[in-house]
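Worksheet: one structure, shown below.
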Amino acid sequence: MKVFVLFLTLFSLSCQAALIRADFRTESNLPDYRNGLPLIYQSLDKQIGAGAELDSDDFLQNPDGWSGGRVWMDFDPISSILTLSSRDDWDFQTFDAWMSNIVFAQAGETIANIVLLTNNLTQEGLVPVINMTDNSLHIAYSASPDVFLFSGGSATFKIETKQSQGVTQDIPEPTSAMLVLAGSFLLATRRRKRIILQ
């Protein structure tokens, strides 16, 4: 029974995301028009893993009255993939997305790398500029002074983390963790049977 409890405990720990909380923000803008003020959505100190971390509930301001420019952010703690989903196809000159003040599950964990996986956020296929620090990232699309059109599609980014020793690691997948722990459980059970039979 103790082995089974240990199995469940280890499995639940292995499913925890490396990123557990963060601030999320997007800005869509036409800086060369009207007052050049962005449409902003913002979600502060958001727990990661329960649906989109930034959506329509997180509207902050739209002083220039821009139509469109709505992009939601969703971080999947199992795959470590951040998805930006455009909800319209309006034209803009710039779009920025931030994850900042990231809180990690493990002490000493930091962002090691961000990899662009798919890029269908704009109709023109603009390649974003990605900047990062140990606990934040900034993704920027710009066509300024020209304009781009959101696609109604999405872009995905793989976020890799590392420990302070510098070893890059992805969040463990539950299936892999389950197989390892199930194997350990079976080995422990067989060993116990062998000891009892002797």
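The values are calculated or read from the model by the stated rules, or taken from the named source; none is laboratory data. Just so you know, these numbers come straight off a predicted model, no measurement behind them. Neighbour counts run over all protein chains shown; Cβ positions are idealised from the backbone, glycine included. The accessibility values were calculated without ligands, DNA or RNA, using every heavy atom of the protein model including side chains. Shrake-Rupley method; radii C 1.70, N 1.55, O 1.52, S 1.80 Å.
Here's the yes/no breakdown for (1) of a type outside the set (Phe, Trp, Tyr); (2) at pLDDT 95 or above:
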site: 49; (1), (2): yes, no
site: 53; (1), (2): yes, yes
site: 75; (1), (2): no, yes
site: 85; (1), (2): yes, yes
site: 97; (1), (2): yes, yes
site: 102; (1), (2): yes, yes
site: 105; (1), (2): yes, no
site: 132; (1), (2): yes, yes
site: 141; (1), (2): no, yes
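Contact list please: Cβ distance under 7 Å, first residue in the range 59-72 and in contact (Cβ under 8 Å) with a residue 60 or more places away in the chain and farther than 16 Å from residue 43 by Cβ, second residue in a loop (DSSP other than H, G, I, E, B) and of a type in the set (Asp, Glu), pairs at least six apart or on different chains.
68/88
Looking only at strands (runs of 3 or more DSSP E) that fall completely inside the range 93-152, which ones have 2 or more residues that are open to solvent by 20 Å² or more (accessible area, probe 1.4 Å) and without any contact (Cβ under 8 Å) to a residue 40 or more places away in the chain?
110-119, 129-133
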